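One structure below.
The values are calculated or read from the model by the stated rules, or taken from the named source; none is laboratory data. Since the structure is predicted, the reported quantities are computational estimates derived from the model, not experimental observations. Here the Cβ positions follow ideal geometry from the backbone for every residue, glycine too, while neighbour counts run over all protein chains shown.
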Amino acid sequence: MARELELPTAKDKGWEFTDLSGLDLDSYTPAPGTVEGVSQGTDSDDGPPVVMPLAEAAGQLSEIVRERFGSVVPVSDPFVARNEANWRNGALVYVPRGTRLEQPLELSVIHDGDGSELDWRTLIVLEEGADAEVWERYRSANSEGEGLFNGVVELFVGPGANLRYVCEQELSERTWVFATQRAELERDASLEWVALGFGSARGKVRMETKLGGPGSSAKVTGAYAGAGRQHLDFDTTQEHAAAHTTSDLAFRGVLADRATAVWRGMIRVDPGAQQTDAFQESRNLLLSKRAHADAIPGLEIEANDVRCTHAAAVAQVDPEQLYYLRSRGMPEPQAKRLIIDGFLQELAERTAEGPIREALSDALDRRLAEILSDD
């Protein structure tokens, strides 16, 4: 099927801003991939979680994999089809019913091999009442290497379960990135999802959250920061498929040099999903007159008792704020850094105090320092 599906063009909805004319899928060789943090677990109902290579899990935990693999992300485009046909690397995180993890699980995925393609698959399953925090990072072994990263992430959050998921992308700035990431929440489940997009040359990341059970809730926080000629493309969906569900999404981007970005967001309320409360926003800060961002929010509402709002903005550093700080003796570079840092750190404040907030704040500081180092 992967070869039968053609690559999207600018005429296809959602692909108007990302040019794939320079992408030759046949030019890439399979990447070996290096994974840190994945080791064999147990399948005891009362024991610790399972964290193991997905290929091994397909044999040892076949019922779980058979039931969930491909159930959250259907084969709907050539990239998902290619991933399903070619993946050799992946991870299963399985948290049994009622299990609560005290420490975050960390997975570090290293794309190894210049001119190669890594098809990566992540399956995270939390059973009823489980509680877990998972951090996943995508990096290139060679910061100057050129390649293709094609990922699929499936998150299943069972009844009353609570998942905190952080996905950080720091691939080489010569790498194409395509990712389809989707979460499904059952009754009274909750999801806190943090996405960081710092690396890659161009591509597209799709993030979809389906609130399928009454009382479920999701908070999605995204940050991207580009420089040079990077092009970052995020497509988000908040689907409310049940009544009394809540979603809150906020994305912020900082773009320097000739970097470009596009965020397209959709709040979709299905028939019968009454008492939906949904919010989305995208705000972009341009550090150069040559940088460009597009922010496109959208609503599709098929219920009549809902509250859905959105906001979008693209702006440069506020000259009045800059003047205020400089008038009090602060040098311009320091004043500019303080303004940009405050813009991004508001995202960190969306998360609860603890490891996620600290990790998010540190990651934003590191990336901001990289962008401003040549300014």
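In the list E300, E353, E346, which residue meets the criterion of being surrounded by fewer than 18 Cβ atoms within 10 Å (Cβ to Cβ), in contact (Cβ under 8 Å) with a residue 60 or more places away in the chain and more than 19 Å from F17 (Cα to Cα)? Please lay out each step first, then the result.
Values: E300 fails: in contact (Cβ under 8 Å) with a residue 60 or more places away in the chain; E353 fails: in contact (Cβ under 8 Å) with a residue 60 or more places away in the chain.
Only one candidate qualifies: E346.
Please verify whether D131 is touching a strand residue (DSSP E or B) at 6+ places or on another chain (Cβ under 8 Å), touching a residue at least 60 places away in the same chain (Cβ under 8 Å) and surrounded by fewer than 21 Cβ atoms within 10 Å (Cβ to Cβ), treating the condition exactly as stated.
Numbers: touching a strand residue (DSSP E or B) at 6+ places or on another chain (Cβ under 8 Å): yes; touching a residue at least 60 places away in the same chain (Cβ under 8 Å): no; surrounded by fewer than 21 Cβ atoms within 10 Å (Cβ to Cβ): yes.
No; evaluated as a whole, the condition is false for this residue.
Output the residues belonging to the range 296-343 that are within 28 Å of A243 (Cα to Cα), under 26 Å from the mean Cα position of the chain (by Cα) and among the small types (G, A, S).
Passing the criteria: G298, A311, A312.
Before we move on, is A141 more than 14 Å from the chain's Cα centre (by Cα), crowded, with 18+ Cβ neighbours inside 10 Å and more than 18 Å from P214 (Cβ to Cβ)?
Details: more than 14 Å from the chain's Cα centre (by Cα): yes; crowded, with 18+ Cβ neighbours inside 10 Å: no; more than 18 Å from P214 (Cβ to Cβ): yes.
Answer is no for this residue.
Taking the conditions exactly as written (over 21 Å from the mean Cα position of the chain (by Cα), under 24 Å from G199 (Cβ atoms) and not aromatic (F, W, Y)), does S288 satisfy them or not? Give the derivation first.
On the way: over 21 Å from the mean Cα position of the chain (by Cα): yes; under 24 Å from G199 (Cβ atoms): yes; not aromatic (F, W, Y): yes.
Yes, satisfied.
Can you find a residue that is within 26 Å of A363 (Cα to Cα) and without any contact (Cβ under 8 Å) to a residue 12 or more places away in the chain anywhere in the range 79-102?
Yes: the range 79-102 contains one or more residues that are within 26 Å of A363 (Cα to Cα) and without any contact (Cβ under 8 Å) to a residue 12 or more places away in the chain.
Testing A359 on (1) farther than 30 Å from H244 by Cβ; (2) modelled with pLDDT of 90 or more; (3) within 19 Å of the chain's Cα centre (by Cα); (4) among the small types (G, A, S), one condition comes back false. Which one is that?
The failed condition is (2).
Looking at the range 190-211, is at least one residue more than 17 Å from the chain's Cα centre (by Cα) and surrounded by fewer than 23 Cβ atoms within 10 Å (Cβ to Cβ)?
Within the range 190-211, none of the residues are more than 17 Å from the chain's Cα centre (by Cα) and surrounded by fewer than 23 Cβ atoms within 10 Å (Cβ to Cβ).
Name the pairs whose Cβ atoms lie under 8 Å apart, with the first residue in the range 160-179 and in contact (Cβ under 8 Å) with a residue 12 or more places away in the chain, the second part of a loop (DSSP other than H, G, I, E, B) and among the aromatic types (F, W, Y), and 6 or more positions between them or separate chains?
If the second residue must be part of a loop (DSSP other than H, G, I, E, B) and among the aromatic types (F, W, Y), the pairs left are E168/F198; Q169/F198; E170/F198.
Kindly provide the set of residues from the range 246-281 that are polar (S, T, N, Q) and either surrounded by 24 or more Cβ atoms within 10 Å (Cβ to Cβ) or closer than 20 Å to E302 by Cα (or both), ordered by number.
If we filter the range 246-281 for residues that are polar (S, T, N, Q), which is where we start, we get 246-247, 260, 274-276, 280.
Matches in the range 246-281: T246, S247, Q274, Q275, T276, Q280.
Would you check which residues across the range 71-82 are under 22 Å from G14 (Cα atoms), of a type outside the set (F, W, Y) and either touching a Phe, Trp or Tyr at 6+ places or on another chain (Cβ under 8 Å) or surrounded by fewer than 19 Cβ atoms within 10 Å (Cβ to Cβ) (or both) and list them?
Going residue by residue through the range 71-82, those that are under 22 Å from G14 (Cα atoms) are 72-82.
Adding the requirement that they be of a type outside the set (F, W, Y) leaves 72-78, 80-82.
V72, P74, V75, S76, A81, listed by residue number.
Within the range 80-161, which strands (runs of 3 or more DSSP E) (wholly inside it) include 2 or more residues that are among the acidic types (D, E)?
Working: elements: 89-95, 105-111, 116-126, 131-140, 146-157.
Ranges flagged: 116-126, 131-140, 146-157.
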